1. May I ask you to derive the FRET efficiency for Thr203 and Ala248 from their Cβ-Cβ distance with R0 = 22 Å, giving the value to the nearest 0.05?
2. Place a +1 charge on the Cβ of each Lys and Arg in the range 1-61 and a -1 charge on the Cβ of each Asp and Glu, then give the dipole magnitude about the Cα centre in debye, rounded to the nearest 20.
3. Compute the signed sum of charges (Lys and Arg +1, Asp and Glu -1) over the other residues within less than 9 Å, Cβ to Cβ, of Tyr255.
4. Please name which of Ala87, Met268, Val131 has its Cα lying farthest along the dipole of the range 16-318 towards the positive end, using unit charges on Cβ (Lys, Arg +1; Asp, Glu -1) and the Cα centre as origin.
5. Give me the distance in nm between label points sitting 7 Å out from Cα along the Cα-to-Cβ direction at Asp108 and Asp138, one decimal.
6. Assign one of three labels to the range 241-291, namely rounded, prolate or oblate, based on the Cα gyration tensor with a ≥ b ≥ c the square roots of its eigenvalues; rounded applies when a/c is under 1.5, prolate when it is not and a/b is larger than b/c, and oblate otherwise.
7. For Arg126, what charge total do you get from the other residues with a beta carbon under 12 Å from its beta carbon, if Lys and Arg give +1 and Asp and Glu give -1?
8. Based on the alpha-carbon gyration tensor of the range 150-235 and its eigenvalue square roots a ≥ b ≥ c, which shape applies: rounded if a/c is under 1.5, prolate if not and a/b is larger than b/c, or oblate?
Amino acid sequence: MQAAEPQAILTPITEAAIFLTVTVDAGAEGAVAELLPDLGGLRRSVGFRVPEAGLTCVVGIGAGLWDRLFGEPRPAGLHPFRELRGARHTAPSTPGDLFFHIRATRLDLCFELAQLLAARLPAGARVVDEVHGFKSFDERDLLGFVDGTENPEGMAASAAVVIEGDDPAFAGGSYLIVQRYLHDLASWNELSVEEQEAAFGRTKLDDVEFPDERKAPDSHLVLNTIVDEDGEEQQIMRFNMPFGRVGAGEFGTYYAAYARTPAVIEQMLENMFLGSGAASHDRILDFSTALTGCLFFVPSLDFLDDPSVAAAAPVPEAVPDSGDGSLGIGGLRDG
Ligand code: HEM
């Protein structure tokens with residue numbers, strides 16, 4: 001059996017990205033289901049003409065829409081984003097049924113594809129959040145720190161994000177958690193560089209991790225280093241992008257992280273917002289506010305092309321015989 005092919009999750013950080021969050025009203029599911037297998041073709045329509053720009057588009061499906069489209073079985077980790085209400089800071093859960101993560105070395109190609117996608121959305125499906133991100137020089141976020149250094153590489157990256165035997169019916173899939181953060185840059189810039197470095201646990205100029213004994217308990221690095229019971233570090237892939245509008249004083253980070261189970265990212269979020277050990281919350285949250293929060297399942301390419309065949313294929317024995325010759329998975333639900 002050939003392994004299901006993941007979507008282009010592991011695209012290296014690009015110069016540009018567009019993040020589109022879409023809601024789908026009752027009644028629009030059928031048209032959305034017809035759009036999913038066409039996504040590859042739409043991407044090729046734009047990307048084939050400028051191959052060197054590496055245009056990719058990853059689509060995610062939220063828990064509510066999944067149930068309305070496909071029902072059972074559902075990916076093991078799929079559920080709505082859970083709001084986290086800490087003593088000082090909240091990670092809100094906001095609407096999102098479909099998500100498009102569009103990336104290329106050129107924003108014009110991302111924009112063209114976003115336009116084509118938006119034109120294909122049926123009445124009742126609408127873009128509720130849209131962020132155009134850019135890569136800042138030195139890979140820095142707008143807080144001035146290099147962002148993405150500790151992402152896993154090579155096989156470790158794929159092991160961190162791609163579902164395999166842990167949920168065989170959805171092998172080749174992944175999970176995506178996104179949050180739109182706005183920074184209070186004025187307050188942040190009142191801190192000394194040493195105070196900013198303490199908030200992250202890394203040096204600012206040359207991006208070197210502090211030795212463990214120098215890391216503050218509420219630093220971003222301490223709260224986001226998660227190990228399992230064997231002491232092995234649990235990894236995720238982050239594709240954060242800066243965005244903003246200088247005239248409006250808007251400076252943000254669009255946080256987008258993939259993992260083979262949402263539990264790892266959720267543990268990090270709990271540490272950041274609810275605290276862990278001696279920390280009541282992540283210090284960077286005193287300067288960065290989460291305005292959105294969504295969780296999506298990212299199916300394999302095979303699933304997108306044909307949900308009824310692809311999801312059923314790897315584990316036919318796990319699917320009860322419906323008696324009608326179908327494998328009982330992934331079909332569009334009636335009504
Ligand atoms: C305002 C939003 C955020 C900003 C600006 C930000 C920025 C950064 C920076 C600059 C680093 C150090 C360099 C590196 O990428 O390895 C980092 C590390 C990291 N961040 Fe964030 N981050 C944000 C939100 C989050 C959230 C919400 C999570 C998880 C739910 C997260 C998880 C991580 C992880 C896992 C690391 C690597 C830790 C390590 O292994 O050293 N970040 N982040």
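1. 0.10
2. For the range 1-61, the charge dipole is close to 200 debye.
3. Result for the neighbourhood of Tyr255: +2.
4. So the residue we want is Val131.
5. 3.0
6. Oblate.
7. -4
8. Since a/c reaches 1.5 and a/b is larger than b/c, the shape of the range 150-235 is classed as prolate.
Throughout, read-outs are computed from the coordinates displayed, never taken from laboratory work. Please read all numbers here as calculations on a predicted model, not as lab measurements. Glycine gets a Cβ as well: all are built from the backbone with ideal geometry, and neighbour counts include every protein chain shown.
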